[in-house]
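Colleague: One structure follows; several queries about it will come next.
The values are calculated or read from the model by the stated rules, or taken from the named source; none is laboratory data. The model shown is predicted, which means the values in this text are computed figures rather than measured ones. Every residue, glycine among them, receives a Cβ derived from its backbone with ideal geometry; neighbour counts consider all protein chains shown.
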Amino acid sequence: MTRSCATAESAFLHGHSADEAMDLLSRALEIGVRFKASGDMYRDRADPRTLRDALLVPLPHRPMPTREVIGRFEMDVLPYCKNEASPRFMGFADTGSDVAALVGELLSVLVQQNLINQSFDSPTATFVEICVLRWMRELLGYPVADVAEVSSVWDVGGIVTSGGTMSNAVAMMLAREHHDPGTAAAGVRPERAGCVLVPEGIGHYSVRASLSWLGLGDRVVPVPTSGFRYDLSALRRVLRERSDEVAGVVAYAGDSRTQTIERLRAVSDLVREFSPGSWLHADACWGLAAALHHGLRGRLAGIETFDSITVDPHKVLNVPYSLSALLVREPQSLRSITSYADLIMQEEWAFGQVTPFLGSKPWWSLKLWMLMLRHGREGLHQIIERRSATLRSFTDAVDAQPSLVRLHEPDLFALAFMYVPPGEISTPADVVRLNLINEEIHDRLLEERSWFFHQFGLPDAHGVISRGAVLRPLRFVAGNPGTTDDHIRQAVARVVELGDLISGRRA
Ligand SMILES: *Cc1c(COP(=O)(O)O)cnc(C)c1O
C-alpha cells in the first residue's frame, strides 16, 4: 500500500518526491513574492539585442536539475522583468497585487481543471465560473436568472475570456450574426455585412482587428467625437444616413487613453431610435471599476440596455493576467455563435461550446472568485475608493506645478498631462517641439528606472494646448495600491526637473 502510493506519487511528480516538489515550488513562491515586494520597477535594463543574444541559445543536450533551471531564470531573465507591483510603475493598473487573487491563480494552476466541459473536466470549476459571471452581471445591472432556471451554458449570459481583445472579438461576432443571421454557416456576404460605428480617435484597436479576423474586412466607421465621447449630433446623423447598414455600435465606458466614460444612455437611446436592429456593445474594460463603487456607479447609467459588455478584471482589480469576460443581456444570444463537437463537449454545461477561438480552457475565473469573496461588496468599493483618492492626489500635484498641464478632467483613474515650458504654443512647429520634450522626459524616466508613465498620441480634444493637435502626453493611472502621496510628489517633481533640463530652463 505504502509502496504503491510512493510509486504513484513520484510518477505523478516526474521524478521528484513530494517533498522535493514542495521545496521547489516554495522556492518559486519565495522568488516571486520577493520580486513583487522589492520596490524596484526594473532591477536592470538592457537593449533588446543584448537580451536577444543572451537568451536565444540552443537547447542543451543534457538534462538540468530543476533547481539549476530556477537559478538560470533568476540570473538571466528575472532581473530585466517589469515589476508592476512597484509603486514606481504608474502607467497602467497593477496586476496581481491582491493576495487572494494570487492564491486563486496558483491553485488554478495546481488543480488544472479544463473549462471546455463540466462533466469530467471541471465538475465544480464550471459553476464557480458561472457564479462569478452572475456577480458581474448583477453589478452591471443585467438581469440575473433564478438559480433553478440555469440549466445550461445558454442560460448564463456570459463567457470568461483571455482578455478584452477576445471579449470584443466575440461581441463583433455576435454583431455579425445578429445583422446577417447564418453568416457563421454560409460565410460572409460582403453586400450584407454592414458596418460598425466607433468613436473617432479614442477606439481600441481590438474592434477593427476583430472585424478583419472575422472575415468582415475593414468595416469600421469612425464617428466624430467631442471631449473623448461621441459627438451625439454626428452620431445621430450617421445612424440616420446608414440606419439599415449599421451592424454594430461600440461605446467606451472608460476608453484606453483617458478612461473617459461615454454618455451611455444617450448613445443607447439614439441607436434604438435610428438603427434599432444594430448590436450595441459597451467596452467597459476599465468601466467595471465604476460598477463597484457606490459613488461612481451612476456614471454607467444605461449600460444595462446594451446588448453586450466587455469587462477586464485584470485592469481594475489587481488580479493577475489574464481575465476578461463578455456579458450578454440576452443569455440565449450566445446560441448564434455556438460550436459543437461530440469529441469532448456533448453536454449542456460545456463552456467550450460558447467560447469561440478556444478549446482547452484554463480556470481563469478562480482568482476573481477568491478576490470577490475576500473583499465582499464593501471591500470592492474600498479598492476603487482608494484609487479615486490616489488619482485626486496626483491631479492636485499636477495642478500645483505651473509647468504641468492636464489634458482632461479625469472620469476614472487616468490622467494625461504634459510638461509645457513658458511661451506660446501656436504653430505646428511649437507642438512638435513640445511633443519631443515630453517624449524625452518619458524615455529618460525609463532609462533611469525612476518612474514609468505610459505615452501615446492623443488629440487635444479640449483645446488645452492647441485644439485638435495630436499631443504626446504622459499618462498616469492610479492602479497601484502601493502608490503614496510621497511617491506622487517625487514623481511629479522629477518630471518637472527633467522638463526644465531638456527645455533648457535648468543647466
Ligand atoms: C485594454 C483594453 C482592451 C483590450 O484588453 P486586453 O485585456 O489587453 O486584451 C480593450 N478595450 C479597452 C478599452 C481597453 O482598455
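Colleague: Consider region 258-274. How many of its residues are crowded, with 22+ Cβ neighbours inside 10 Å and not in a helix (DSSP H, G or I)? Walk me through how you get there before you give the answer.
Modeller: Restricting attention to region 258-274, the residues satisfying the condition of being crowded, with 22+ Cβ neighbours inside 10 Å are 258-262, 264, 267-268, 271.
From the residues that got through so far, the ones that are not in a helix (DSSP H, G or I) too are 258-262.
Here the count works out to 5.
Colleague: Just checking, how many residues over region 332-353 are part of a helix (DSSP H, G or I) and either surrounded by fewer than 23 Cβ atoms within 10 Å (Cβ to Cβ) or without any contact (Cβ under 8 Å) to a residue 12 or more places away in the chain (or both)? Spell out how you get there, then give the answer.
Modeller: Our first condition is that a residue be part of a helix (DSSP H, G or I); within region 332-353, this holds for 332-337, 351-353.
In the following step, the residues that additionally are either surrounded by fewer than 23 Cβ atoms within 10 Å (Cβ to Cβ) or without any contact (Cβ under 8 Å) to a residue 12 or more places away in the chain (or both) were identified as 332-333, 335-337.
Number of matching residues: 5.
Colleague: Follow-up question, since we're still on this one. Of the residues Ser388, Ser393, only one is surrounded by fewer than 23 Cβ atoms within 10 Å (Cβ to Cβ), touching an Asp or Glu at 6+ places or on another chain (Cβ under 6 Å) and at pLDDT 95 or above; which?
Modeller: Numbers: Ser388 fails: touching an Asp or Glu at 6+ places or on another chain (Cβ under 6 Å).
Result of the check over Ser388, Ser393: Ser393.
Colleague: Pairs please, first residue from region 46-58 and closer than 11 Å to Asp76 by Cα, second anywhere and among the charged types (D, E, K, R), Cβ atoms under 7 Å, 6+ apart in sequence or on different chains.
Modeller: Pairs that qualify, where the first residue is closer than 11 Å to Asp76 by Cα and the partner is among the charged types (D, E, K, R), are Ala54/Asp76; Leu55/Asp76.
Colleague: Looking only at residues that are over 30 Å from Leu471 (Cβ atoms) and touching a strand residue (DSSP E or B) at 6+ places or on another chain (Cβ under 7 Å) in region 249-277, which one is farthest from the ligand (Cβ to nearest atom)?
Modeller: Among those that are over 30 Å from Leu471 (Cβ atoms) and touching a strand residue (DSSP E or B) at 6+ places or on another chain (Cβ under 7 Å), it is Ser275.
Colleague: Mind listing just one residue for me: the one in region 126-183 that is within 30 Å of Ser212 (Cα to Cα) and among the aromatic types (Phe, Trp, Tyr) and, of those, farthest from the ligand (Cβ to nearest atom)?
Modeller: Step by step, filter region 126-183, then rank; the result is Trp154.
The rows are residues; the columns are (1) touching a residue at least 12 places away in the same chain (Cβ under 8 Å); (2) in contact with a Phe, Trp or Tyr (Cβ under 9 Å, 6 or more places away or on another chain); (3) more than 20 Å from Pro190 (Cβ to Cβ).
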residue	(1), (2), (3)
Tyr205	no, no, yes
Ala209	yes, no, no
Gly217	yes, no, no
Val223	yes, yes, yes
Tyr230	yes, no, yes
Ser233	no, no, yes
Arg236	yes, yes, yes
Arg242	yes, no, no
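Colleague: Looking for something surrounded by fewer than 17 Cβ atoms within 10 Å (Cβ to Cβ), in a loop (DSSP other than H, G, I, E, B) and small (Gly, Ala, Ser) - is there at least one such residue anywhere in region 73-85?
Modeller: No, that holds for no residue.
Colleague: Quick one: count up the residues across region 143-164 that are exposed (fewer than 11 other Cβ atoms within 10 Å of the Cβ) and among the acidic types (Asp, Glu).
Modeller: 2
Colleague: Which condition does Ala416 not pass, out of (1) over 17 Å from Ala493 (Cα atoms); (2) buried (at least 17 other Cβ atoms within 10 Å of the Cβ), if it passes all the others?
Modeller: Every listed condition holds for Ala416 apart from (1).
Colleague: For region 411-441, what are the residues that are of a type in the set (Val, Ile, Thr) and not in a loop (DSSP other than H, G, I, E, B)?
Modeller: Val431, Val432, Ile437, Ile441 - these are the residues of region 411-441 that are of a type in the set (Val, Ile, Thr) and not in a loop (DSSP other than H, G, I, E, B).
Colleague: For residues that are of a type in the set (A, V, I, L, M, F, W, C) and in a loop (DSSP other than H, G, I, E, B), scanning just region 460-503, find the one that is nearest to Asp98 (Cα to Cα). Write out each step before concluding.
Modeller: Residues of region 460-503 that are of a type in the set (A, V, I, L, M, F, W, C), as a first pass: 461, 464-465, 469-471, 474, 476-478, 488, 491-493, 495-496, 498, 501-502.
Subset that is in a loop (DSSP other than H, G, I, E, B): 461, 464-465, 469, 478.
Working: Ala461: 36, Val464: 37, Ile465: 39, Ala469: 39, Ala478: 15 Å.
Here the residue is Ala478.
Colleague: Which of the numbered conditions does Trp364 fail, given that it passes all the others? Conditions: (1) touching a helix residue (DSSP H, G or I) at 6+ places or on another chain (Cβ under 6 Å); (2) aromatic (Phe, Trp, Tyr); (3) under 15 Å from Val132 (Cβ atoms).
Modeller: Among (1) touching a helix residue (DSSP H, G or I) at 6+ places or on another chain (Cβ under 6 Å); (2) aromatic (Phe, Trp, Tyr); (3) under 15 Å from Val132 (Cβ atoms), Trp364 violates only (1).
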